[in-house]
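Student: The structure's right below; bear with me while I get my questions together.
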Amino acid sequence: MLNNKGRVTQPPEGAPQADATLSIQSQSHSGHKGLLMDEPLLFEIGSVEKTGVDFPGISDEEAGEESKLLAGLYRDEEIGLPGLSEPEAVRHYVRLSQKNYAIDSGFYPLGSCTMKHNPRLNEKMARLPGFLDIHPLQPQSTVSGALALMEELSHWLVELTGMDSIALSPKAGAHGELCGMMAIKAALEAANSERNIVLVPESAHGTNPATAALLGFKVASIPADKDGTVRASAVQDAIEKNGAETIAAIMLTNPNTCGLFEREIKEIADAVHEAGGYFYCDGANFNAIMGRVRPGDLGVDAMHFNLHKTFSTPHGGGGPGSGPVVLSKRLTPFAPVPFLKRDGDALTLVEDADETNKAFGRLTAFHGQMGMYVRALSYILSHGLDGLAAASGDAVLNANYIRTKLKDLLNQPFGDQACMHEVLFDESSLSGTGVTTLDLAKRLIDEGFHPMTIYFPLVAKGAMLIEPTESESTESIDLFIHTMRALISEAHAGEEERFHQAPIHTPLRRLDETGAARKPVLKWVEEA
Ligand SMILES: *Cc1c(COP(=O)(O)O)cnc(C)c1O
């Protein structure tokens, strides 16, 4: 039986054996579904009395105050940890892990996030003892191999982008944006500049304007043209409207979040540079152009990579990401510490800035995500430059394959044009069916697919952003296309109710996402 939190509870004494309210589709007597178990919190399964580990108690009067210390911390009440046997603890975590849909479970076309396969070779490399068993506090002379690996990765990333230098340490794309924009801010401050406006196209990822605002810049939005890309003339207009002397930078994503290549990027870079500003490129979509286009050639001053997107390192549960930033020559002096410095045969990690560089400080403890550097370099070396170019080509081909197979049923908001690594549809062709983008996404879950990105970018109404990546087979993409076509036909056949019910095959149905975001329950409290 399920309580109001959807958790299994014991039937009250004298209750009938079967729950008369069970409907075939939605529930089971045990609370489990098939072989997928409902999983309460550890605190709800274990009881304090049934203990797996014995901690010294605190009630021992004779032992005195000393006995209240545990690992140097003072206790004035019992710690109250749930006691569990080893199999109970193991099952708890295995069941939780089974609830986590992953790229290793199936198709995961989450646009903009580039959920590509994480090659097992990468994992093998990251587990080599020389990389796995080292510690950031070891003397540098004992980790020269790790530093050499960081240098080689840096070399590749700088070469692939045609930039001058790199800051490896940022730990996510958004963190990389912060790093690049802090370097730009430091460069402006070094020139005693009061420039305070950052131009951001309206299709941008939310982290772009958030980063600019966090650093005290004012954000000026630039509209997209009807083809979904930014016109250099719109940038020029914004520069003139605000005054060239106020422009600190532009933050532009290329390919943009509509999956389209910004063709006027060079003219846009020139306009911003002429005004005296810097060009930050959000490189989250570098997977579409790696090995083919060098952002440095297009006038970019700073750009982050998401190693967990383009270079196939795992996304994890919100981490461990890695977001190195490449910088142009004029921003190089402002790169944060630490950075690598080579002097003949000697390679050192510079931890403190001196007079020769104007580092704005440090973004992370130590040097960043070493394990991700190993995996990214493994991906790069196992592909080679030609392989990387083939991968970006396949990513674009796969997205266009889906586009051409669905475009008779779904509308492309910016017209029938080729896309890059992801294809954007809106929900206009579903109008009148009673089925929304959200409903379609929930139905996909019942069909065993992680839904595409929905309602982003905001410039498309009811957006569906589909990114298959290069690592999917034709068969898996065909099954997705087949499913999408079948679902859309059902929507047009008046089966809207089935959509509103979805998902029905999941442990939990539709959740109150707004409630969860607005009033998160972050602490377990024992029920009275
Ligand atoms: C993913 C993404 C980001 C943020 O990157 P994180 O690694 O998630 O912090 C920024 N911009 C775009 C366009 C993205 O797709």
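Student: Can you tell me the relative contact order of the chain? Whole percent, Cα pairs under 8 Å, sequence separation 6 or more.
Tutor: Taking the mean separation of contacting Cα pairs over the length of the chain, I get 17 percent.
Student: I need the P(r) histogram for the stretch 42-98: all alpha carbon pairs, bin width 5 Å from 0 out to the longest distance, whole percents.
Tutor: Here the calculated profile for the stretch 42-98 is 4, 18, 22, 17, 15, 11, 8, 4, 1, 0.
Student: Here is a further query. Counting only DSSP beta bridges with both residues in the chain, what percent are antiparallel, rounded to the nearest 5?
Tutor: 60 percent
Student: With a cut-off of at most 16 other beta carbons within 10 Å, and DSSP calling the residue loop, which trypsin sites (Lys or Arg not before Pro) in the stretch 94-143 qualify? Please list them.
Tutor: 99, 127
Student: Moving on. Below 9 angstrom from the Cβ of residue 323, what's the summed charge of the other residues (Lys, Arg +1; Asp, Glu -1)?
Tutor: 0
Student: Determine the equivalent ellipsoid of the stretch 354-489 by diagonalising the alpha-carbon gyration tensor, then write out the semi-axes as square roots of 5 times the eigenvalues, largest first, rounded to whole Å.
Tutor: 36, 20, 15
Student: Taking a 28 Å limit on the Cα-Cα distance, which of the listed pairs 171/407; 124/171; 68/519 fall beyond it?
Tutor: Long pairs (Cα-Cα over 28 Å): 171/407; 68/519.
Student: From the Cα gyration tensor of the stretch 427-493, with a ≥ b ≥ c the square roots of its eigenvalues, which class applies: rounded if a/c is under 1.5, or else prolate if a/b is larger than b/c, or else oblate?
Tutor: It comes out oblate by the Cα gyration axes.
Student: Helix hunt in the chain: which complete DSSP H runs extend at least 30 Å axially by C-alpha with mean Kyte-Doolittle at least 0.0?
Tutor: 370-406
Student: What number results when the radius of gyration of the chain, computed over Cα atoms, is divided by 2.2 N^0.38 Å?
Tutor: 1.12
Student: Could you compute the net charge surrounding residue 118? Neighbours are other residues with a C-beta less than 10 Å from the C-beta of residue 118; K and R count +1, D and E count -1.
Tutor: +1
Student: I'd like the distance separating the alpha-carbon centroids of the stretch 193-216 and the stretch 100-151, in whole Å.
Tutor: Cα centroid of the stretch 193-216 versus Cα centroid of the stretch 100-151: 31 Å apart.
Student: Amide H of residue 166: which non-local residues (sequence gap of 5 or more, or other chain) have their own amide H closer than 5 Å, using H built in the peptide plane?
Tutor: Hits under the 5 Å cutoff: 327.
Student: Moving on to the next point. Using mean Cβ contacts within 10 Å as the protection proxy, how do 255-265, 423-433 order, highest first?
Tutor: By packing density, highest mean first, the sequence is 255-265, 423-433.
Student: Let me ask something additional. Using a 10 Å cut-off on Cβ atoms, rank the peptides 344-353, 464-473, 130-139 from the highest mean neighbour count down.
Tutor: 464-473, 344-353, 130-139
Student: While we're on this one: Counting only other residues whose beta carbon sits under 13 Å from that of residue 79, what net charge do I get with K and R as +1, D and E as -1?
Tutor: Net of charged neighbours comes to -2.
Student: Sorted from largest down, what three extents in whole angstroms do the Cα atoms of the stretch 235-367 have along their principal axes?
Tutor: Here the Cα extents, ordered largest to smallest, are 48, 38, 29 Å.
Student: If the convex hull of the alpha-carbon atoms of the stretch 140-245 is projected onto planes in all directions, what is the mean projected area in square nanometres?
Tutor: One quarter of the hull surface, i.e. the mean projection, equals 9.1 nm².
Student: Determine, for each peptide in 296-306, 204-214, the mean count of other beta carbons within 10 angstrom over its residues, then list the peptides with the highest first.
Tutor: Sorting 296-306, 204-214 by mean packing, highest first, produces 296-306, 204-214.
Student: Tell me, what is the percent relative contact order of the stretch 147-380, built from C-alpha pairs under 8 Å that lie six or more residues apart?
Tutor: 29 percent
Student: For residue 282, what residues show an amide H to amide H distance below 5 Å, using hydrogens built from the backbone and excluding near sequence neighbours?
Tutor: Answer set, sorted by chain and number: 252, 253, 254.
Student: Filter the GluC sites (Glu not before Pro) in the stretch 150-245 to those in DSSP coil with at most 16 other Cβ atoms within 10 Å of their Cβ, and list the result.
Tutor: Passing sites in the stretch 150-245 are 194, 202.
No lab work stands behind these numbers, since they all come straight from the coordinates. The structure displayed is predicted, hence computed values, not measured ones. Cβ atoms come from the backbone with ideal geometry, glycine included; neighbour counts cover every protein chain shown.
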